[in-house]
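Here is the structure we will look at, set down as structure tokens.
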Amino acid sequence: MESVKKLVVLSGAGMSAESGLRTFREMGGLWEEYDVYEVASPEGWEKDRELVLRFYNDRRKQLQDALPNRGHFALAEMEKDFDVAIVTQNVDDLHERAGSSKILHLHGELKKSQSTVDPDLVYDIEGWELNPGDLCDKGSQLRPHIVWFGEAVPAIEAAAAVVSEADILVIIGTSMNVYPAAGLINYARRGTPVYLIDPNEVVVAGHSGITVIRKGASEGVDELIRMIRDE
Ligand code: OAD
């Protein structure tokens, strides 16, 4: 019997665009409206905690009303035929809600908070609000459980290990601008087929031979399934 192939997905904000969540760097993206350092860096947090809490409260509130899209569901379905592992830069829980079982969040999770004195103290947020005065068990203010610019990415080694086991690597909806996430492609074994699903051009430095599917996530995953079935 043929062994089940390992399909590793690297997903970014474009994965959730069809669910109504805004991407970061496109026209109309979040970083056009907000200064990334004000709302997504340790310096921004020190400067104005209320602004940062409000920014993530807004994101969390929108997430409550969002649903996984056909692309998320199709990836979950693929678990019937492949050993699927998802490494996502997204902080939403749409892969989880679509039913995917192996998900690694590189940049944290919107629906969790963490202590400002002990990053290992992580809690689920009930509802959508995290407010000034919400404290961890050690008595310090809780912050969003998000990896901010300038912070280490604790899950990067685990993610690199997952990518190094891929038989097929699929990149969906990321502009490949943010490191170390964008560097994960370099951990794929030589000769691993790489597919890239994005409606816009994405420059992947130093890589040739990538099969580009220039479509949105839902149609793109359908196309991917057709392509790898025919191989
Ligand atoms: P970007 O906003 O940089 O890139 C989004 C990508 O999604 C672009 O390449 C778009 O062309 C593509 N896209 C748009 N609509 C799509 C659709 N319907 N289907 C598929 N793709 C689509 O987002 P990321 O690369 O995820 O970090 O950004 C990486 C990190 O930067 C984020 O995790 C976030 C941000 O700052 C933190 O906040 C820590």
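The values are calculated or read from the model by the stated rules, or taken from the named source; none is laboratory data. Please read all numbers here as calculations on a predicted model, not as lab measurements. Counting neighbours? That spans all protein chains shown, and the Cβs are built from the backbone with ideal geometry, glycine included. What goes into the accessible areas is simple: the full protein's heavy atoms, side chains included, and nothing from ligands, DNA or RNA. Shrake-Rupley method; radii C 1.70, N 1.55, O 1.52, S 1.80 Å.
Pull up segment 106-141, narrow it to residues that are outside any loop (DSSP other than H, G, I, E, B) and of a type in the set (A, V, I, L, M, F, W, C), then point me to the one that is surrounded by the fewest Cβ atoms within 10 Å (Cβ to Cβ). Walk me through it before giving the result.
Within segment 106-141, the subset outside any loop (DSSP other than H, G, I, E, B) is 108-115, 122-124, 135, 141.
When the remaining residues are screened for being of a type in the set (A, V, I, L, M, F, W, C), the result is 110, 122, 135.
Values: Leu110: 23, Val122: 15, Leu135: 11.
The qualifying residue surrounded by the fewest Cβ atoms within 10 Å (Cβ to Cβ) is Leu135.
Being surrounded by 16 or more Cβ atoms within 10 Å (Cβ to Cβ), within 20 Å of Ser19 (Cα to Cα) and touching a helix residue (DSSP H, G or I) at 6+ places or on another chain (Cβ under 7 Å) narrows it down to one of Ala98, Ala85, so name that one.
Working: Ala85 fails: within 20 Å of Ser19 (Cα to Cα).
Just a single option satisfies the conditions, and that option is Ala98.
Tell me, which residue of segment 1-37 that is open to solvent by 20 Å² or more (accessible area, probe 1.4 Å) and more than 12 Å from the ligand (Cβ to nearest atom) is nearest to His107 (Cα to Cα)?
Checking each candidate, the answer is Glu33.
Could you count how many residues in segment 159-179 are out of contact with any helix residue (DSSP H, G or I) (no Cβ under 7 Å at 6 or more places or on another chain), crowded, with 16+ Cβ neighbours inside 10 Å and over 17 Å from Lys5 (Cα atoms)?
The total comes to 2.
Out of contact with any helix residue (DSSP H, G or I) (no Cβ under 8 Å at 6 or more places or on another chain), outside the structural domain of Gln89 (by TED's automatic domain parsing) and of a type in the set (D, E, K, R): does that describe Glu38? Before the answer, list the steps.
On the way: out of contact with any helix residue (DSSP H, G or I) (no Cβ under 8 Å at 6 or more places or on another chain): no; outside the structural domain of Gln89 (by TED's automatic domain parsing): yes; of a type in the set (D, E, K, R): yes.
Judged against the criteria, Glu38 is not a match.
When the residues of segment 180-197 are narrowed to those that are open to solvent by 20 Å² or more (accessible area, probe 1.4 Å) and in contact with a helix residue (DSSP H, G or I) (Cβ under 6 Å, 6 or more places away or on another chain), which ends up nearest to Ala160 (Cα to Cα)?
Checked segment 180-197; the qualifying residue nearest to Ala160 (Cα to Cα) is Tyr187.
What are the residues in segment 163-200 that are in a loop (DSSP other than H, G, I, E, B) and among the aliphatic types (A, V, I, L, M), if any? Walk me through how you get there before you give the answer.
At the first step, the residues of segment 163-200 found to be in a loop (DSSP other than H, G, I, E, B) are 165-167, 173-180, 188-193, 198-200.
Passing the criteria: Ala166, Met176, Val178, Ala188.
Here are Leu53, Leu75: which of them is of a type in the set (A, V, I, L, M, F, W, C), outside the structural domain of Thr174 (by TED's automatic domain parsing) and in contact (Cβ under 8 Å) with a residue 24 or more places away in the chain?
Unique residue meeting the criteria: Leu53.
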